[in-house]
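Chemist: A single structure is presented below for examination.
The values are calculated or read from the model by the stated rules, or taken from the named source; none is laboratory data. None of these values were measured; they are calculated from a predicted model. With ideal geometry, Cβ positions are generated from the backbone for all residues, glycine too; neighbour counts draw on all protein chains shown. These accessible areas exclude ligands, DNA and RNA; they are computed on the full protein's heavy atoms, side chains included. Shrake-Rupley method; radii C 1.70, N 1.55, O 1.52, S 1.80 Å.
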Amino acid sequence: MNIHFIESENILLVYFPDTLRFFSINPITKDLITCIAENKDINFALKQFNLSKKQYVDFKNKLENYATMTKIQQSNNNENVLNRLVLNISNTCNLKCRYCYADGGSYNSDESIMTREMAKLTLDKFYSFFNKINNIQIFGGEPLVNMPVVNFICKYVRNRDAVNKEKTIIGLVTNGTLMNSEFMKMVNKYDIQVTVSYDGNPKVNDIMRVYANGSGTSDIILNNIKMLKKNTNQPTTIEVTFNRNHIDNNIKIIDIIKFIYTTLGKIPLHIVPAGGKKDCFYALKNRNEFINSVDDIFLNSKNGITYTYSLVQRIISSLVYKKDTGKYICQAGIGTLSVSVNGYIYPCFMFTDNENVCMGNIKDKNIFHSETFFKIIKKFDSFNKNENEKCKRCFISKICSGCFGMNYLENGKIFTLSDQYCEMSQKMTEKVILSLFKLSEHLKSGEDNEYAKC
């Protein structure tokens, strides 16, 4: 039986990782559950806990039912459906962000942009192989330096959608400095889901996300987001890279959420730790702020306002709706493929121009049946939660997700899990479980909280 105990203050919970269920217990019950889980001799248990055989068997049966009875939703994987195709249409950028893993958007290569011909060839080839592509993501560098190809891709996809009577999600990730009226017309025309990168605080943003001359970008980005929201009801997401400058300036994650909600409105936030080795100037020394953010979010979510961000919300949704994230730690190479400006295919945009995981070029004959393509796919497919020893022993393996790109940034190895990220995810999950339990108790007592509606 797979169990995990969570203790905090006067609360003791038992959590069942296989069913994503939990309930409160006392220390004696904890010892009894441990005895059952470890398959201790029944006579020892009867004597230790002063139980009759019937009492012991009844409790054991109820415990096993509780640990196994819930059906967990799992995503259906269809080999002929690609969840996300990333088109890196620009190997250049108008900014020089100080933590950019892509070396200012160039990916340590020559600056260039994708041509319409390359975009068409890529889309033709991918659609000829996959029955469906759920999401086309336009990426860079900064994609808005290549507006003609943005327009071409969107028109191509929407024309195809019209013929097939389907709706593909078109996403675009931008630094927010080049959004203008022409782009906003395209957003409305093609229903583009826009993600804007902004570091959640003007001071920190102006330290990290800068022009080549070192000047800050906050005022421009914030004004452009306001204009975008007014004219298009976008962006869908603001992406924040939480780095050491936030810590040095005493800026917490809850402060970022409140600033965005107050300044721009309630826009979904994807807040992630800055990736990098510990000795780089922007990398976090630890992930305590992400762990502590769970308490901050639950404590501050009241009076009709729910403060949250993606990492916390994913855990809540998995627990509340009993949703398994599947066997893959990361969708790179499985549900996601990325194409560079020159047509080279990679498992993820974070590995652009990394020769070790290059899957071939879109111009190659029978590219999706090549030995190299399948070899790389097999590498990523084999590194999953069912095969990885660390994952198999972990109590959050059913609901966690990771990032191969983060692994690479932190330890230089794609297939070595980031210990920092794993520990952060485990502790965040424990805090979410505790918070959800407290909310259930508040509901019983009649107290109100926005998250209690879950």
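Chemist: Check cross-link reach from Lys226 to the lysines: straight Cα distance under 28 Å, and skip same-chain residues fewer than eight apart.
Modeler: Cα-Cα hits under 28 Å: Lys96, Lys155, Lys167, Lys185, Lys189, Lys203, Lys252, Lys258, Lys266, Lys302.
Chemist: Ok, one more. Straight-line reach only, C-alpha to C-alpha below 28 angstrom: list the lysines that Lys378 could link to, leaving out same-chain residues fewer than 8 apart.
Modeler: Of all the lysines, those that pass the test against Lys378 - Cα under 28 Å, at least 8 places apart if same chain - are Lys120, Lys125, Lys132, Lys277, Lys323, Lys327, Lys363, Lys365, Lys390, Lys392, Lys398, Lys413.
Chemist: Are there chymotrypsin sites (Phe, Trp or Tyr not before Pro) in region 303-333 that DSSP puts in a loop and that have at most 13 other Cβ atoms within 10 Å, and which ones?
Modeler: Passing sites in region 303-333 do not exist.
Chemist: On to the next question. For region 260-304, what % of the accessible area comes from carbon and sulfur atoms, probe 1.4 Å?
Modeler: 49 percent
Chemist: By accessible area of protein heavy atoms, probe 1.4 Å, what ranking do Leu443, Leu178 get, highest first?
Modeler: Values: Leu443 95, Leu178 60 Å².
Output order, biggest surface exposure first: Leu443, Leu178.
Chemist: How high is the relative contact order of region 82-285, in percent, counting Cα pairs under 8 Å that sit 6 or more residues apart? Numbers along the way, then the final one.
Modeler: On the way: 343 pairs, mean separation 37.0, N = 204.
That works out to 18 percent.
Chemist: Treat each spin label as a single point 7 Å out from the Cα along the C-beta direction, and report the Lys185 to Thr34 distance in nm.
Modeler: 7.0 nm
Chemist: If you don't mind, there's one more thing I want to ask. For region 336-417, give the percent of accessible area contributed by carbon and sulfur heavy atoms, probe 1.4 Å, rounded to a whole number.
Modeler: Using a 1.4 Å probe with all protein chains present, region 336-417 comes out at 48 percent carbon and sulfur.
Chemist: Follow-up. Using +1 on the beta carbon of Lys and Arg, -1 on that of Asp and Glu, and nothing else charged, what's the dipole of the chain about the Cα centre, debye to 20?
Modeler: With Lys and Arg at +1 and Asp and Glu at -1, about 1000 debye.
Chemist: Any idea what angle helix 147-164 forms with the longest principal axis of the chain, computed on alpha-carbon atoms, 0 to 90 degrees, nearest 10?
Modeler: Orientation of helix 147-164: about 60 degrees from the principal axis.
Chemist: Please list Glu387, Glu64 in order of solvent-accessible area, largest first, computed with a 1.4 Å probe with all protein chains present.
Modeler: From most accessible down to least: Glu387, Glu64.
Chemist: Using the crude model of +1 on Lys and Arg Cβ and -1 on Asp and Glu Cβ, and no other charge, please compute the dipole size for region 336-417 relative to its Cα centre, in debye to 20. Intermediate results must be reported in sequence, preceding the final value.
Modeler: Numbers: 11 positive and 8 negative charges, 69 e Å.
Its charge dipole is roughly 320 debye.
Chemist: May I pose another question? Tell me, what is the per residue accessible area of the chain in Å², probe radius 1.4 Å?
Modeler: Per-residue accessible area for the chain comes out at 48 Å².
Chemist: Taking the Cα centre of region 4-69 as the origin and placing charges on Cβ (Lys, Arg +1; Asp, Glu -1), which of Ala67, Ala45, Phe23 is farthest toward the positive end of the dipole?
Modeler: Working it through, the farthest residue towards the positive pole turns out to be Ala45.
Chemist: At a 10 angstrom cut-off on C-beta neighbours, averaged per residue, how do the peptides 361-367, 13-19 rank from highest to lowest? Don't skip to the answer; put the middle values down first.
Modeler: On the way: 361-367: 14.0, 13-19: 19.4.
In decreasing order of mean packing, 361-367, 13-19 become 13-19, 361-367.
Chemist: Still on this model: To the nearest 10 degrees, how steep is helix 53-68 against the longest Cα principal axis of the chain, on a 0 to 90 scale?
Modeler: 10 degrees
Chemist: At what distance in nm do the modelled label points of Asn26 and Lys252 sit from each other, each positioned 7 Å from its Cα along Cα→Cβ?
Modeler: Going by the 7 Å Cα→Cβ label model, 3.5 nm.
Chemist: Could I ask something else about it? In nm, what is the difference between 0.36 nm times the number of residues separating Ile377 and Glu355 and their Cα-Cα distance?
Modeler: Taking 0.36 nm per residue and subtracting the Cα distance, the gain is 6.5 nm.
Chemist: Something else about it: So which trypsin sites (Lys or Arg not before Pro) in region 371-415 are both in a DSSP loop and have at most 10 other Cβ atoms within 10 Å of their Cβ?
Modeler: Sparse-neighbourhood loop trypsin sites (Lys or Arg not before Pro): Arg393.
Chemist: Same structure again: Based solely on its DSSP helices, what 222 nm [θ] is calculated for the chain when runs of n ≥ 4 H residues each add -39,500 (n - 2.57) and the sum is averaged over all residues, nearest 500 deg cm²/dmol?
Modeler: -13000 deg cm²/dmol
Chemist: What is the Cα centroid distance between region 1-45 and region 176-219, reported in whole angstrom?
Modeler: Distance between centres, Cα-based: 49 Å.
Chemist: Measure nothing fancy, just the Cα-based angle from helix 310-321's long axis to the longest principal axis of the chain, in degrees from 0 to 90, nearest 10.
Modeler: 50 degrees
Chemist: Right, next: With a 1.4 Å probe and every protein chain kept in, tell me what percent of the accessible surface of region 4-69 is carbon plus sulfur.
Modeler: Summing carbon and sulfur atoms, their accessible area is 48 percent of the total for region 4-69.
Chemist: A follow-up question, please. Give, rounded to the nearest 20 debye, the magnitude of the charge dipole that region 134-283 has about its Cα centre when Lys and Arg contribute +1 at Cβ and Asp and Glu contribute -1 at Cβ.
Modeler: Working: 18 positive and 12 negative charges, 82 e Å.
Roughly 400 debye, rounded to the nearest 20.
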